[in-house]
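Here is the structure we will look at, set down as structure tokens.
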Amino acid sequence: MSEEASSPALPERPIGRAIRHGARLKCPNCGIGPLYRGYLKSVEYCASCTEELYHHRADDAPPYFTILIVGHIIMPGILLVEKALKPDLWIHAAIWIPLTIILSLSILPVTKGALIGLQWALRMHGYDPNFVEDIYPTAQNG
Ligand SMILES: [Zn+2]
């Protein structure tokens, strides 16, 4: 029987389930408590299971994945509509600019929630009980 050296006694956290819960804007642990207390501001603790949720470091990844997803929806749409209907440019602008904004604002909380779920499941950053914040150099190493 093998043991992982980094987390021998920690319970398993299913990655797919945590990502699904996060993408539904729910706590990655229980899937019941809300993940956000605002549009993108995550809660400190789950209201249902008291799991710590403030350790995430989603940073620039949610906007990156949002742009990736929205771009793969909008660009084929623009090309297909142009090829099929050849509308005036103002019609393109009237359709695709609002759609891009609406899709981006709708998908961003989902990608951030999924990434919080992934980080929680992988015990990244402060989700790992053995994690030591190493922002400032200490006398020993610097
Ligand atoms: Zn919870």
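Send over the per residue convex hull volume for segment 15-127, Cα only, as a whole number of Å³.
98
Under a 10 Å cutoff between Cα atoms, tell me which one of ARG17, ARG57, ARG37 has the largest fluctuation in the Gaussian network model of the chain.
With Cα springs under 10 Å in the chain, the top fluctuation among ARG17, ARG57, ARG37 is at ARG37.
By per-residue mean of other Cβ atoms within 10 Å, what is the highest-first order of 26-34, 100-108?
26-34, 100-108
With springs only between Cα atoms under 10 Å apart, run a GNM on the chain and tell me which of LEU122, LEU85, LEU25 wobbles the most.
Between LEU122, LEU85, LEU25, it is LEU85 that shows the largest mean-square fluctuation.
Would you pull out the residues with amide H under 5 Å of TYR45's amide H, same chain only if 5 or more places away, H placed 1.01 Å from N?
It is LEU53, by chain and number.
List TYR36, TYR45, TYR127 from most exposed to least, where exposure is judged by having the fewest other Cβ atoms within 10 Å.
TYR45, TYR36, TYR127
So if I place +1 on the C-beta of Lys and Arg and -1 on the C-beta of Asp and Glu, and nothing else carries charge, what would the dipole magnitude of the chain be about its Cα centre? I want it in debye, nearest 20.
640
Hey, with R₀ at 35 Å, roughly what FRET efficiency would ILE91 and LEU122 work out to, going by the Cβ-Cβ distance, to 0.05?
Efficiency computed from Cβ-Cβ geometry: 0.20.
All other residues with a Cβ under 11 Å from the Cβ of PRO109 taken together, and with Lys, Arg as +1 and Asp, Glu as -1, what is their net charge?
Local charge sum for PRO109: +3.
Angle between the Cα long axis of helix 61-85 and the longest principal axis of the chain, 0 to 90 degrees, nearest 10?
20
Near the amide H of LYS26, under 5 Å away, which other amide H atoms are found, from residues 5 or more places off or on another chain, if H is placed in the peptide plane?
Correct list: LEU35.
Provide the net charge surrounding ILE91, with neighbours chosen by a C-beta distance below 15 Å and charges set as Lys +1, Arg +1, Asp -1, Glu -1.
0
As a check on your grasp of the helix formula, calculate [θ] at 222 nm for the chain: sum -39500 (n - 2.57) over DSSP H runs of n ≥ 4, divide by the residue count, round to the nearest 500.
Helices in the chain give a 222 nm mean residue ellipticity of -16500 deg cm²/dmol.
Of the residues THR111, THR66, THR50, which exhibits the maximal mean-square fluctuation in a Gaussian network model of the chain defined by a 10 Å Cα contact cut-off?
THR50
With a point put 7 Å past each Cα toward its Cβ, work out how far HIS72 is from LEU25 in nm, to one decimal.
2.3
Working out 0.36 nm times the residue gap between ILE101 and ARG13, then minus their Cα-Cα distance, what length gain in nm do you get to one decimal?
28.3 nm
Taking +1 at the Cβ of each Lys and Arg and -1 at the Cβ of each Asp and Glu, which of HIS56, GLY113, PRO76 sits farthest along the dipole of segment 48-137 towards its positive end, judged by Cα position relative to the Cα centre?
PRO76
Every read-out reported here was derived from the displayed coordinates using simple, explicitly stated rules and does not represent laboratory data. Computed from a prediction, not measured in an experiment: that's the story for all the values here. Glycine gets a Cβ as well: all are built from the backbone with ideal geometry, and neighbour counts include every protein chain shown.
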